[in-house]
Every structure is written in C-alpha cells, then in structure tokens.
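In what follows, a single structure is set out as structure tokens and then discussed.
What follows draws every value from the coordinates through simple rules; no lab data is involved. Nothing here was measured: the structure is a model prediction, and the numbers come from that model. Please note: Cβ atoms are built from the backbone with ideal geometry, for glycine as well, and neighbour counts cover all protein chains shown.
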Ligand SMILES: [Zn+2]
Ligand SMILES: [Zn+2]
C-alpha cells in the first residue's frame with residue numbers, strides 16, 4: 001500500500017511509479033506541477049529583466065540612485081529639525097538641501113555636514129535661501145565646520161562599485177533610523 005500524493009489516502013499501486021490513487025488525483029498533481037513550473041519560469045524571467053536593467057545602468061544612474069539614498073538619509077536624520085534655511089517645521093514638503101550644491105561642489109555631494117533638511121520652498125524657489133542657510137548652519141555646526149565646507153576639497157572619483165556601496169550604506173542607515181523612530 002502507498003499513500004496518494006494528492007488526497008493522502010492509502011491505495012494499492014499498480015506499479016512503483018504510481019503516486020496517485022485515481023485519475024482525478026493524478027490530474028490534480030499534474031496541474032500543480034504545471035503551475036509551479038510556470039511560476040518558476042516567471043520568476044526567472046523577472047530576475048533576468050532586473051539583471052538586464054542593472055547591466056545597462058550608466059554611471060549617472062548609479063550616482064542618482066546613491067544621491068537619492070543619501071538624501072533620504074538626511075531627511076530621516078533631520079526628521080525633527082526645521083528647514084535649515086527659513087526655520088519652518090510645517091512645510092508641505094521637505095527635501096535634502098546641499099549647502100554647496102552638487103553642481104558647484106560635486107566632491108561634497110555625499111558629505112553629511114554639507115546637506116540638511118530643507119523645505120521645498122527654500123530648496124526649489126529661493127535657490128536654497130543661502131544667506132539664511134549659512135547663518136543657521138554656523139549655529140548648528142559651528143564656524144570651523146562651515147569654514148571647512150567652504151574650503152577646497154579634493155575631487156572624488158567614484159567607481160560604480162563605490163556608488164553602489166554608498167547607496168547600500170545610506171539605505172541601511174535610513175532603515176535603522178526609521179526602526180528606532182517607530
Ligand atoms: Zn488520491
Ligand atoms: Zn525653508
């Protein structure tokens with residue numbers, strides 16, 4: 001006697017390969033196997049698409065993704081702080097605003113001292129509201145740190161692996177902050 005793989009009832013097999021007690025159970029097993037294979041195929045297909053997308057990413061794409069991860073961390077880090085420029089706590093939207101812009105000082109694009117939570121108004125429409133930004137930045141970090149930010153910095157040459165590592169690090173740091181806040 002053998003146990004039917006589908007209905008789990010005992011049955012007497014005609015040969016050693018028989019796993020189902022009846023035609024109905026045999027068909028049910030077959031259907032499950034077909035569905036499983038289709039799901040596996042779909043999963044493999046999605047993985048392939050993901051890999052192709054990853055392969056064709058440019059350095060610019062990697063920089064943008066790393067920057068997004070860094071900026072999200074800055075917003076999480078400063079969650080309870082006001083806009084660095086105008087001091088509002090209640091803006092509809094907050095961004096991560098670089099004191100020295102990524103265009104003017106790309107070597108400081110991932111420098112935490114150079115980036116702070118900023119309201120959308122100051123960030124988008126008031127060019128960073130930079131005079132006020134500087135006043136509050138000195139208050140927050142001290143004159144020495146601001147002097148350092150405003151000084152000369154070595155250019156940075158990030159490899160794609162560097163950028164991936166930066167993205168991964170800041171995503172992890174953001175998750176940890178959010179876990180602590182929850
Ligand atoms: Zn059965
Ligand atoms: Zn503001």
Which whole-number percent gives the relative contact order of the chain, counting Cα pairs below 8 Å spaced six or more residues apart?
21 percent
Once both axes come from the Cα atoms, what is the angle between helix 160-181 and the longest principal axis of the chain, in degrees from 0 to 90, rounded to 10?
90 degrees
Distance between Cα centroids, the range 153-182 to the range 69-139: provide it in whole Å.
17 Å
Give me the one-decimal nm value for the distance between modelled label points at residue 157 and residue 3, 7 Å along each residue's Cα-to-Cβ direction.
6.5 nm
Springs between alpha-carbon atoms under 10 Å, Gaussian network over the chain: tell me which of 62, 95, 139 tops the mean-square fluctuations.
139
Between residue 88 and residue 168, what length in nm is gained on full extension when 0.36 nm per residue of separation is reduced by their alpha carbon distance?
25.7 nm
Given axes a ≥ b ≥ c from the Cα gyration tensor, I'd like to know whether the range 59-181 is rounded (a/c under 1.5), prolate (a/b larger than b/c) or oblate.
oblate
Modelled label-to-label distance, residue 138 and residue 178, 7 Å Cα→beta-carbon offset: nm?
3.7 nm
Using just the helices of the chain, give the 222 nm mean residue ellipticity in deg cm²/dmol: DSSP H runs with n ≥ 4 each add -39,500 (n - 2.57), and the total is spread over all residues, rounded to 500.
-17500 deg cm²/dmol
